[in-house]
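Data first, discussion second: the structure below is written as C-alpha cells.
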Amino acid sequence: MSATGFDAALARLRARIEATGTDPAAVTLVAVTKGHGAERAAEAATAGIMDLGESYAQELLPKAAALATAGVKVRWHFLGQVQRNKVKALAPHVHLWQSLDRIEVAEAIARHAPGAGVLVQVNLTQDAARGGVGLAQVPALVEQAAALGLDVRGLMAVGPPGPAEASVAGFEAVATMADRLALAERSMGMSGDLQVALRSGATMLRVGSALFGPRADGPRPEPQVMGD
C-alpha cells in the first residue's frame, strides 16, 4: 500500500469512528502491524499513529530495532498471550502489555519492567486458547498486579466469533467492570467490530486490516492473537 493508500485507509477508519459520535482524537488507535514489515510500521508513524501493536516477540523485536535505528519513535503494545521466557527481551520495548491474564506473568513483568503499564485481559468466550480471565476473576488479578507495583490502566477484551453485534453484551460488561474498578482504559474492538466497541465504551482500538489490508500469515509458534 502506498502512502496515499494508507492515508485513504486512515481517513476511512476515522470516518467510521466519527459515525459513532466519537471524536477520533479521544480514542487511542493501536495500529496492529503483525504480518507486515517494519516499513509499514514506519508508515503508520509517519501518518501520526504512534501506538503500534504486535502479538509475537519474534516480530516485535526486529521491528522495534529497525525503527529505533531509523530514528522513528513509537509506543509498542504487546497484544498476544505473554510467554514468561520472552518478557525480559520484550521489556525494554513494550509501552503497554495488553494481555495480562496470569499472576505469574505479572510477576515476570514486574521483575523485568518495574511499574510497567498493563491491561488485564478478559475472556468473553469459553475458548481457553483466547487467553484472559473471566469477569469474576478480574478484580483479584487487578489487585494482585497493582500490589506488584504494576500500573494497571484498564481492561482488554476480544469479541466472540460471529457478527459484530454479538460483542455488545461482553463489551458492555467489560466497560462496567472497568468503571467499577476505576480503570480508565478499555481496549475493545478491532477492524470488524470497532463501531460496536466504541458504542459500548471502548477507549482504545486495535486495528490492522482496516489500515494495512490483508496480511500473508506464516507459521506462528506463539499463542492466540489479540489484534487483527
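The values are calculated or read from the model by the stated rules, or taken from the named source; none is laboratory data. It should be emphasised that the depicted structure is a prediction, and the values quoted were computed from it without experimental measurement. When we count neighbours, we look across all protein chains shown, and the Cβ atoms used for this are built from the backbone with ideal geometry, even at glycine. Surface accessibility is based on the protein's heavy atoms, side chains included, excluding ligands, DNA and RNA. Shrake-Rupley method; radii C 1.70, N 1.55, O 1.52, S 1.80 Å.
Cβ-Cβ below 6 Å, separation at least six or inter-chain, first residue in region 51-64 and in contact (Cβ under 8 Å) with a residue 40 or more places away in the chain, second open to solvent by less than 20 Å² (accessible area, probe 1.4 Å) and in a helix (DSSP H, G or I): which pairs? Listed pairs, sorted by first residue: Ala57/Leu90. Going by what's in this entry, would Leu90 be described as hydrophobic (A, V, I, L, M, F, W, C), under 12 Å from the mean Cα position of the chain (by Cα) and either surrounded by fewer than 19 Cβ atoms within 10 Å (Cβ to Cβ) or under 24 Å from Ala41 (Cα atoms) (or both)? Here the answer is no, as Leu90 does not meet what is asked. For Ala108, the requirement of being surrounded by 14 or more Cβ atoms within 10 Å (Cβ to Cβ), within 20 Å of Val30 (Cβ to Cβ) and either modelled with pLDDT of 95 or more or of a type in the set (Ser, Thr, Tyr) (or both) is not met. The selection criterion, being of a type in the set (Asp, Glu) and open to solvent by less than 20 Å² (accessible area, probe 1.4 Å), does not hold for Glu59. Of the residues Gln121, Gln137, Gln126, the single one that is out of contact with any helix residue (DSSP H, G or I) (no Cβ under 8 Å at 6 or more places or on another chain), part of a strand (DSSP E or B) and farther than 24 Å from Ala9 by Cβ is Gln121.
Hey, can you tell me all the residues within region 28-56 that are open to solvent by 20 Å² or more (accessible area, probe 1.4 Å), within 14 Å of the chain's Cα centre (by Cα) and not β-branched (Val, Ile, Thr)? Correct list: Leu29, Met50. Applying a threshold of 7 Å to beta carbon distances and a minimum spacing of six or more residues, or different chains, the list of pairs starting in region 192-203 at a residue that is touching a residue at least 40 places away in the same chain (Cβ under 8 Å) and ending at one that is in a helix (DSSP H, G or I) and open to solvent by 20 Å² or more (accessible area, probe 1.4 Å) reads Leu194/Arg16; Gln195/Arg16. Just so you know, in region 125-151 the residues that are at pLDDT 95 or above and β-branched (Val, Ile, Thr) include one that is nearest to Pro161 (Cα to Cα), and it is Val133.
The set of residues in region 2-27 that are assigned to a loop (DSSP other than H, G, I, E, B), touching a helix residue (DSSP H, G or I) at 6+ places or on another chain (Cβ under 7 Å) and either among the basic types (Lys, Arg) or surrounded by fewer than 14 Cβ atoms within 10 Å (Cβ to Cβ) (or both) contains only Ala19.
Within region 196-207, can one find any residue that is touching a helix residue (DSSP H, G or I) at 6+ places or on another chain (Cβ under 6 Å), in a helix (DSSP H, G or I) and either of a type in the set (Lys, Arg) or modelled with pLDDT of 95 or more (or both)? Yes, some residue in region 196-207 is touching a helix residue (DSSP H, G or I) at 6+ places or on another chain (Cβ under 6 Å), in a helix (DSSP H, G or I) and either of a type in the set (Lys, Arg) or modelled with pLDDT of 95 or more (or both). Within region 74-93, the only residue that satisfies the criterion of being farther than 18 Å from Glu107 by Cα and either aliphatic (A, V, I, L, M) or without any contact (Cβ under 8 Å) to a residue 24 or more places away in the chain (or both) is Val74.
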